[in-house]
Amino acid sequence: MISSCSSSTMMTLSNLPQNQTPDPNNLNQPKNHQPSPRKLTKGSSQLLRWSRARAIRSGVKLDQRPLVQKLVTDQPSRRLSEGELEESDDDDEGCLAEMSEGGKHIYMVSDGTGWTAEHSVNAALGQFEHCLVDHACAVNTHLFSGIDDVEKLMEIIKQAARENAMIIYTLADENMAASARHACKRWGVPSTDILSPITEAISLHLGVSPSGLPRGAPGRKFPLTEDYFKRIDAIEFTIKQDDGALPNNLHKSDIVLAGVSRTGKTPLSIYLAQKGFKVANVPIVMGVPLPKALFEIDQEKVFALTINPVVLQTIRRARAKTLGFNDNMMTNYSDMDHVREELDFACKIFSQNPTWPVIEVTGKAIEETAVTVLRLYQDRKNRCSMPRISKRY
């Protein structure tokens with residue numbers, strides 16, 4: 001795909017004099033058409049860098065020569081007119097700005113789904129929020145999953161060398177991991193093997209050699225354990241109990257989430273269910289009484305969710321748009337006064353139930369909120385601590 005920043009260069013190249021038949025093997029112009037060395041070098045270099053970055057992001061084959069590069073190198077050079085020179089300067093600056101904003105690259109390579117590598121990198125990048133927020137050290141991550149061929153692996157490493165990228169890989173096959181290690185060393189690519197050190201340590205501890213097969217490999221077996229069926233039951237239960245459905249089954253749940261609309265109750269419920277917990281969520285709506293069963297069950301199962309009103313209003317506005325509401329159809333659902341009133345109403349309910357820990361979800365990922373819920377859940381189960389009404393998590 002060609003962006004607008006290269007359109008003027010392509011237009012200029014297509015406007016070559018019709019009476020000239022350039023030699024494809026000779027990029028030198030005839031003597032009566034001396035090129036502008038400053039402009040040609042600058043424009044070509046920037047376009048080549050831009051096109052390589054675009055190739056990676058769009059999934060183009062790594063060894064394929066980008067279209068912009070072909071257009072630049074296959075055409076003879078000529079002196080640009082004053083108008084074209086000024087227009088091309090602006091376009092080149094736009095290309096350079098795009099490249100500078102792109103930041104550094106991190107390649108995540110896996111012979112499986114890439115889940116381990118992706119989550120490990122994201123967890124590590126969380127330690128650099130002070131740098132990433134103000135774009136002082138912007139980072140682009142690229143996931144290459146299902147890489148089970150050495151040739152594909154070498155192409156990725158070569159491309160990483162050209163782009164000065166870093167490689168993080170999780171390769172179960174020892175030969176593939178060794179090939180990646182040697183190739184990265186040979187081409188000077190900084191790399192980290194996430195899987196091998198952990199696998200080797202566990203292998204020594206258990207006294208058993210690893211299978212060397214990635215997840216989902218044809219020769220790999222997945223026994224249906226008790227934990228597997230427990231997770232399936234938990235997911236089925238959680239889906240049926242979503243958004244206050246079947247309140248008579250609340251006593252069967254392990255965890256109950258309560259909060260106003262758009263505080264993330266459903267995604268948090270599904271995430272916890274995948275870990276084997278039966279979760280129900282109950283919406284708090286002004287004018288609608290909460291089910292009696294919520295107050296009859298074990299109150300240590302209940303967790304309250306709250307959020308900043310400004311953030312909640314933004315989320316509700318986006319939700320209203322996805323539902324097809326326009327400005328004329330807009331209700332008080334996303335009105336700030338109504339949002340604050342609804343949160344105050346929920347806060348009063350929380351204060352009347354001091355055993356419910358109140359968890360602040362503003363700016364938190366689902367995983368972060370889940371960690372807080374599970375920590376409190378285990379603490380209560382083991383009687384390690386008791387939450388206080390005034391404490392928010």
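The values are calculated or read from the model by the stated rules, or taken from the named source; none is laboratory data. Because the structure is a prediction, the values reported are computed rather than measured. Please note: Cβ atoms are built from the backbone with ideal geometry, for glycine as well, and neighbour counts cover all protein chains shown.
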**Asked** Taking interchain pairs and intrachain pairs at least six residues apart, which have beta carbon atoms under 8 angstrom, with the first residue in the stretch 300-314 and of a type in the set (Asp, Glu) and the second modelled with pLDDT under 95?
**Response** GLU300/THR355; GLU300/ARG380
**Message:** Could you list, ordered by first residue, the pairs with Cβ atoms under 9 Å in which the first is in the stretch 236-256 and more than 16 Å from LYS301 (Cα to Cα) and the second is acidic (Asp, Glu) and modelled with pLDDT of 95 or more, at least 6 apart or interchain?
**Reply:** none
**Prompt:** Just a yes or no: is a residue in the stretch 306-316 assigned by TED's automatic domain parsing to the domain that holds PHE345, modelled with pLDDT of 95 or more, crowded, with 22+ Cβ neighbours inside 10 Å and closer than 14 Å to VAL373 by Cα?
**Reply:** no
